[in-house]
Each structure stands twice: as C-alpha cells, then as structure tokens.
Amino acid sequence: GENVEQHPSTLSVQEGDSAVIKCTYSDSASNYFPWYKQELGKGPQLIIDIRSNVGEKKDQRIAVTLNKTAKHFSLHITETQPEDSAVYFCAAKGGSYIPTFGRGTSLIVHP
Amino acid sequence: DVKVTQSSRYLVKRTGEKVFLECVQDMDHENMFWYRQDPGLGLRLIYFSYDVKMKEKGDIPEGYSVSREKKERFSLILESASTNQTSMYLCASSFKQSLTTSAEAFFGQGTRLTVV
C-alpha cells in the first residue's frame, strides 16, 4: 500500500518568514495530493491540493509543488502569520477510496 | 456548506463499556471514514465505508466495529472500551472519486474519548 513520509514533525518560524513542509510517497499510481490544516480543537480542513498532471499550484500565500519523478511534494507558506500556527497534514491518494496521510507537522509562528 | 457532524466533542467512559460514536454528513457523500489521531502518529484509519452496509477494515480495526445503515450516518463502536482506546476520533466523508467529483475529504470536529 501507499506510504507517506512527512518532515519535519515540528517547525518553528518567526512571523514573516517562509515555511516549507515536505512529503514523499511510495505508490507511483497516486495522483491526488491534498494538504490539510488542523487548528486547535478542530478537525483537519483542506487548504490546497494538486493533481499529478500539474507541477505547481498557488493560492495567495500558500503553494504546493509536486515532483512525480522523485515522488515528493511540498507545501510552501510565505509571509507567515501567527494564525498560520496549526498542524499540517499531507496526503496521497490513487485509485482507491482512501487517502494516506503523513504524520503531521506542527507549525509554530512566533510574533 | 458541507457539514460533517460528530455527536459528541468530549466523552468519558469506563473500561469495559460499549461505546458508540456517531457521525452524520449532509453532502450525499458515498465514502465515510473513521480515523484515530494520537500525538506523533498522525491520522490512522480504523474503518471506512464506500456505500450503505459496506465496510472495509483500515490499518487499526482491532477492538472496533462500524455500522452504516443509512448513507448519511456512519457509527463507530467500541465493543468493550479499554484505556488504550483513549484518543481523538475523527470522522470524514468524501465523494467517490471520478472525473467530475472532488476528491476532497471533509472532517468532523472530532470526539475526544477518555476511557478510565
């Protein structure tokens, strides 16, 4: 089955800096790569996703890049703000019903 | 606005009790999932269902069962609660993936279960 590795487990940055979270996957059939943000006391919520026919996608301060050859994808957050502090999960999904999640990254943005 | 609603935010149960966690979604999604979230372990899939009365085991099904009698409702059952089942439980739903439907999974707010 699919295996998704996510790094780092904790990321601490100063407000205004950029943050990068990286994930690798094992199944070359995976074709959908979402990123979820989980704020304290809430369930995860989709913030951006990318399909395998696209190399990069951007939405305001967040972007995701995908390298299918190397089987890795990354989340980039620019100009971080304290409200970006949360746990972020990457996931990979192929033809099955089930996304496989990474273990999560706790992002802390210091004012 | 998609909504996945879990019946309880916090639950405290005694060892050996039978526990029911309920989840309802209002988007007519075919797929529903139960995850367990523990620090450092991420989201681990317990069970999922891709249709009414259909269920498949996930990565950690031991000690759990599920029921899906209606499309909108997916219940997680702890047959005999144990202290090692103290955790955050998350329900999610999604469309069956196709060219025309989104693959996004929508999560409930979670149920923090403590077994004493």
*Within a Cβ distance under 14 Å of A:R51, other residues only, what is the Lys/Arg minus Asp/Glu net charge?*
0
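Restrict the search to segment B:1-52; then list the trypsin sites (Lys or Arg not before Pro) that DSSP places in a loop and that have at most 14 other Cβ atoms within 10 Å of their Cβ.
Within segment B:1-52, the qualifying trypsin sites (Lys or Arg not before Pro) (loop, at most 14 other Cβ atoms within 10 Å) are B:K3, B:R9, B:R14, B:K18.
What does the net charge come to around A:P8 if you take all other residues with beta carbon closer than 13 Å to its beta carbon, with K and R at +1 and D and E at -1?
Counting the neighbours of A:P8, the net charge comes to +1.
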_How much of the DSSP bridge set in the protein assembly as shown is antiparallel, in percent, rounded to the nearest 5?_
90
_So if I average 1/r over every pair of distinct C-alpha atoms in the protein assembly as shown and take the inverse, what Kirkwood radius in Å does that give?_
18.1
*Starting from the Cα of A:K57, draw a straight line to each of the lysines and keep only those under 21 Å, dropping any in the same chain fewer than 8 residues away.*
A:K22, A:K37, A:K68, A:K71, A:K93
*Could you bin all the Cα-Cα distances of segment B:1-115 into 10 Å bins starting at 0 and give me the percent of pairs in each, rounded to whole numbers?*
15, 49, 30, 6, 1
*Pull up all non-local amide H partners of A:E15: gap of 5 or more, or a different chain, and H-to-H distance under 5 Å with H placed in the peptide plane.*
A:H110
*What net charge do the residues around A:T105 carry, taking every other residue with its C-beta under 11 Å from that of A:T105, with Lys and Arg at +1 and Asp and Glu at -1?*
+3
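Just so you know, all these numbers are worked out from the coordinates, no wet-lab data involved. Just so we're clear, the structure is a prediction, and the values are computed from it rather than from any experiment. No Cβ is skipped: glycine too gets one built from the backbone with ideal geometry, and neighbour counts run over all protein chains shown.
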